[in-house]
Amino acid sequence: MTQGVLLVRPEQENDPLELMLRERGFNVYTHSVVTIEPVAIPSEQSAVWCDTEWDGVVVVSPTAANQFERARGDKAWPKAAGYYAVGPGTGNALIALSQRAVTWPAEEHHSEALLALDELMDIQGQRWLIIAGEGGRQLLRDTLRKRGAEVTVAEVYKRQPKPEKERAINNNWLNEIQRIVVSSKEQASLLVDDLRKPKVKRWAMQCHWVVPSERVAAQVEVLGVPRNHIHLAASAVSQDLAAELTRIKTVTPMPESTQKPEPKAATESSPATQLSRVGNFLNWLIIIVLCGSVLTLGAGGAWLWYQHQTLVTQTYDEFENLSERLSRAEVRDEEFEDRLAARVAADAEAQAERQRRDIQRLQERQEEQSDRMRDQLSQYDRDLTRLNQRVSSAENRSSNQWLLHEAYDRVNVATQRLTIEGDPAIAIRLLQQARTLLAEDGSRHAAIVRQLDSDIELLQELPQVDYSGVLMLLQQLQRQIPELAFRATADNGSDAATDTGAAQDWRSNIASAWRSFSQDLIKIQRHDVPVSRLDFEQQVHLISRLELHMQLAQQFLLRRDQELFDDTITDVERLVTSYFDLEHTGTRTFLSSLRSLQGLEISPDYPAQLISRAMLREKIRELEDQPATPRGDGS
């Protein structure tokens, strides 16, 4: 029997639960009854959320974190004494987006467990921000307000039910699916409404349902599903749902459909009736062809008349335009010098203002980087505290469980260090320590040890970036900028031509001047080619601009901002090739070193999860579910 599973979740690319189930041999079918739509938030409102200093920020789901990332625009995440999440799924997504330390319940992952934390007890007079969607549970908001906090709710998305046609159940699923996973009460309610037909309802009652909470289970029971067909997962996290599905060993067979196809009535027409129909069809076809011919001729004549009128109008407009351009020619010559002087002054002022803004943004980004480093240190302290707690609790476990927990803790810390710091070397050392622990226990954990070897090989193949070397090269290139030679320019020979016939024939000189004026009356000049002739002030300004670009490149390297780093290196290359002597030895050496940085990957894409971590978690839960062995047995 096929292991078919129906996932009822909002549509999203690369669903971790879907990928996890496919790896375990399930045939996964996805079905969505709601769509996630962002809420239109004015920029003033998002600025208030981001600029306010909060005592605590609570994010209820990964969708809420992603939608707030979109809504904040160019603002930084709010400053707060602490960030909190309902579970590890939301917490990991929030860490990746906000670069802040995040706290969530260790045992259970729901709002009640979060409210039980010590940090959320004594909050009298504090200001808290809750990031959620429209129409969600109000338990967090009401409880925090009862405890004396001033609560602001940022509703950044909403769920919209899909039309009934898009929510319809595929008849092929009735024979291929034996398990259904629903992760929210709203989706369960809409799905139950779509399963009211007798045949579909019987199928739904025979399936096994996996839900994350009693609230969702109660909604499924409304359909009449037996209680022994409803299975509660530890939480709505993908790993817990997959673990519950794996735990279900058998599924009640589905009865095959017994519907019989209805016979089709066949009627035959007599030959006379068929000939009459053919004659009527030919008559109507001739009438339609004649009408189409008349309409085509009329439309063609109207189109020719319209084209003639358009040509006359265009000719008249061109004559009028030419007259106006001739009359404005003299005025343009007088205003050209004034506009040119004003434009040069405006460009200089604008460039100076841009430099001041760039320096200010650079200072702000340095402060943000310092805050992120402090938050990371705080997160490390939290990880160390949780590790110490787990070590103290592991003393009461059996030796086998103790080794598994020790290995799981090291793999978990390796995953967090790889995600936050981006340094695979630390993660590899932790994975090697975990492998050594499990290898001491013989062949009992051989599968996990082999997976650890695969994960270590995967991390060893990740690219290594010498950030110190790249930073020193950027600083060296910045010191070489004042030594670069500018491109030599030559005067235009036509501007220095002498007038040798002025004294010979004044009439020919006047005619020549009139022809020159007529030819230069309207000029088309390209502005995409940079001006090669620079005065001393422009050269000083260009050197300052290049040095500022190199400083920005160093900051983008430290921030691991791939896009801005590549754009800055490209801008520096473009300016050097446009204004400096490419034949000079120093310029060639500078460009060669600069081009070696193009295409350099400074922010490698490290994996967020490791398969060995999931295998260890499943093994620990399997051992914890086994009954305890009495000490007197001696086994």
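The values are calculated or read from the model by the stated rules, or taken from the named source; none is laboratory data. None of the values given here were measured: they were computed from a predicted structure. Here the Cβ is made from the backbone with ideal geometry for all residues, glycine too, and neighbour counts use every protein chain on show. The accessibility values were calculated without ligands, DNA or RNA, using every heavy atom of the protein model including side chains. Shrake-Rupley method; radii C 1.70, N 1.55, O 1.52, S 1.80 Å.
Looking for something within 30 Å of L431 (Cβ to Cβ), in contact (Cβ under 8 Å) with a residue 12 or more places away in the chain and hydrophobic (A, V, I, L, M, F, W, C) - is there at least one such residue anywhere in segment 549-563? Looking through segment 549-563, at least one residue is within 30 Å of L431 (Cβ to Cβ), in contact (Cβ under 8 Å) with a residue 12 or more places away in the chain and hydrophobic (A, V, I, L, M, F, W, C).
Exactly one residue out of R332, R354 is modelled with pLDDT under 85 and under 51 Å from the mean Cα position of the chain (by Cα): that is R332. Note on segment 133-153: residues that are open to solvent by less than 70 Å² (accessible area, probe 1.4 Å) and at pLDDT 90 or above total 9. Within segment 145-168, the residues that satisfy the criterion of being without any contact (Cβ under 8 Å) to a residue 60 or more places away in the chain and of a type in the set (A, V, I, L, M) are V151, V153, A168. The residue of segment 84-125 that is surrounded by the most Cβ atoms within 10 Å (Cβ to Cβ), among those that are of a type in the set (S, T, Y) and touching a helix residue (DSSP H, G or I) at 6+ places or on another chain (Cβ under 6 Å), is T90. Identify the residue in segment 578-617 that is open to solvent by less than 40 Å² (accessible area, probe 1.4 Å) and among the β-branched types (V, I, T) and, among all such residues, is farthest from L548 (Cα to Cα). Across segment 578-617, the extreme among qualifying residues is I602. I'd like to check something: does segment 437-452 contain any residue that is assigned to a helix (DSSP H, G or I), under 30 Å from the mean Cα position of the chain (by Cα) and either at pLDDT 85 or above or more than 30 Å from H584 (Cα to Cα) (or both)? Yes, there is a match, as at least one residue in segment 437-452 is assigned to a helix (DSSP H, G or I), under 30 Å from the mean Cα position of the chain (by Cα) and either at pLDDT 85 or above or more than 30 Å from H584 (Cα to Cα) (or both).
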